[in-house]
Amino acid sequence: MARTRLYRNGILEAENFPPTEVSEHLGDETATVWLDMCAPTEEDLATISDELSLHRLAVEDAVHEHQRPKLDRYDTHAFLTAYAVRLDAATGTLAKYEVAAFITDRALVTVRKDDRFAIDEVLDRWNSAADLAKSGVGFLLHGLLDYVVDSHFDAVQVLDEEIEALEDLVFADRVDHADVQRRSLRLRKSLVTLRRVVLPMREVANSLMRRDFHLVDDVLMPYFQDVYDHVLRATEWTESLRDLVTTIRETQLNLQSNRLNLIMKKLTSWAAIIAVPTAVTGFYGQNVPYPGFSQVWGFWVSTLAILVISGGLYVAFKRRDWL
């Protein structure tokens, strides 16, 4: 179901009017129109496409899913693709919600690929900054981008907290290595997905602020600069967290290797100690006469030799921290 808004001279005058009235309102040069459509087909976009002279390639991109975040410029309009994201802290899984936007001089048409994109949160941002509505389409676009970029920033913060918890698990006394591996791989996968969404937004935000685009006026420029700053911070944060997850994984493997070496060292030392009585008793067990053969004192001598040599090996290994 389509949703609409009409601003005239920076004042909200109408909402949820039929999309067929968009061209009528655009006849007034003081009017700014927003139209939102959820999961439309090319036939659904045909009418508005003719009225706004939308490029055929842009219409195709708006209908098809899994587009790259980008900003394309055509003769009569610009076309924007972006993703809002949400991270499930329990599973470490990142969900992304695609939105496309046609940007003209006095109209913004948003196309959501499904209803999971929280367009109501965008409306709340517009309502809370109604004093900026005189800036026209730039005002509407800022609210949309601000919501998208803030979702990126929120996801990065949650990922940071999850990675800190993962660091604590790595150095815990009793570690479930399989669980740590699963969590680290899930977090790394989410970070890779987030990076693909966040990184192109730097170019998008920078292009929108260019003077030759004639979209962002002097009033809106600080607000778009703030969005751009959040994009940069989210990008840098994502890169650092991705490196940190890799470091945690390598640290876990090193700790496992060190524990294995320690265990092998102890087992080898005990094997050396056990080999002494085995060798002595085996030697005296030969079916030939030997010093102390069939004598009580021979038994005590062999027993004393076992204790002395084994004890000497134990002390020597203990001093070298082999036990």
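The values are calculated or read from the model by the stated rules, or taken from the named source; none is laboratory data. Computed from a prediction, not measured in an experiment: that's the story for all the values here. Glycine gets a Cβ as well: all are built from the backbone with ideal geometry, and neighbour counts include every protein chain shown.
Residue count for segment 84-121, restricted to those that are in contact (Cβ under 8 Å) with a residue 60 or more places away in the chain and not in a loop (DSSP other than H, G, I, E, B): 15. Candidates ASP243, ASP173, ASP154: the one that is acidic (Asp, Glu) and more than 13 Å from the chain's Cα centre (by Cα) is ASP173. Checking each residue in segment 252-268 for being over 16 Å from LYS318 (Cβ atoms) and either out of contact with any helix residue (DSSP H, G or I) (no Cβ under 6 Å at 6 or more places or on another chain) or exposed (fewer than 13 other Cβ atoms within 10 Å of the Cβ) (or both) picks out LEU253, ASN254, LEU255, GLN256, SER257, ASN258, ARG259, LEU260, ASN261, ILE263, MET264.
Could you tell me whether segment 56-68 includes any residue that is within 24 Å of PHE139 (Cα to Cα), hydrophobic (A, V, I, L, M, F, W, C), within 31 Å of the chain's Cα centre (by Cα) and at pLDDT 95 or above? Scanning segment 56-68 turns up no residue that is within 24 Å of PHE139 (Cα to Cα), hydrophobic (A, V, I, L, M, F, W, C), within 31 Å of the chain's Cα centre (by Cα) and at pLDDT 95 or above. Of everything in segment 28-80 that is of a type in the set (Ser, Thr, Tyr) and out of contact with any strand residue (DSSP E or B) (no Cβ under 7 Å at 6 or more places or on another chain), the residue that is surrounded by the fewest Cβ atoms within 10 Å (Cβ to Cβ) is THR41.
The single residue among LEU132, LEU169, LEU141, LEU187 that is closer than 27 Å to ALA82 by Cα and out of contact with any Gly (no Cβ under 9 Å at 6 or more places or on another chain) turns out to be LEU141.
Could you please let me know if LEU108 is modelled with pLDDT of 95 or more, among the aliphatic types (A, V, I, L, M) and touching a Leu at 6+ places or on another chain (Cβ under 7 Å)? When the stated conditions are applied, LEU108 passes them.
Each residue in segment 214-266 was checked for being β-branched (Val, Ile, Thr) and touching a Leu at 6+ places or on another chain (Cβ under 8 Å), and 7 pass.
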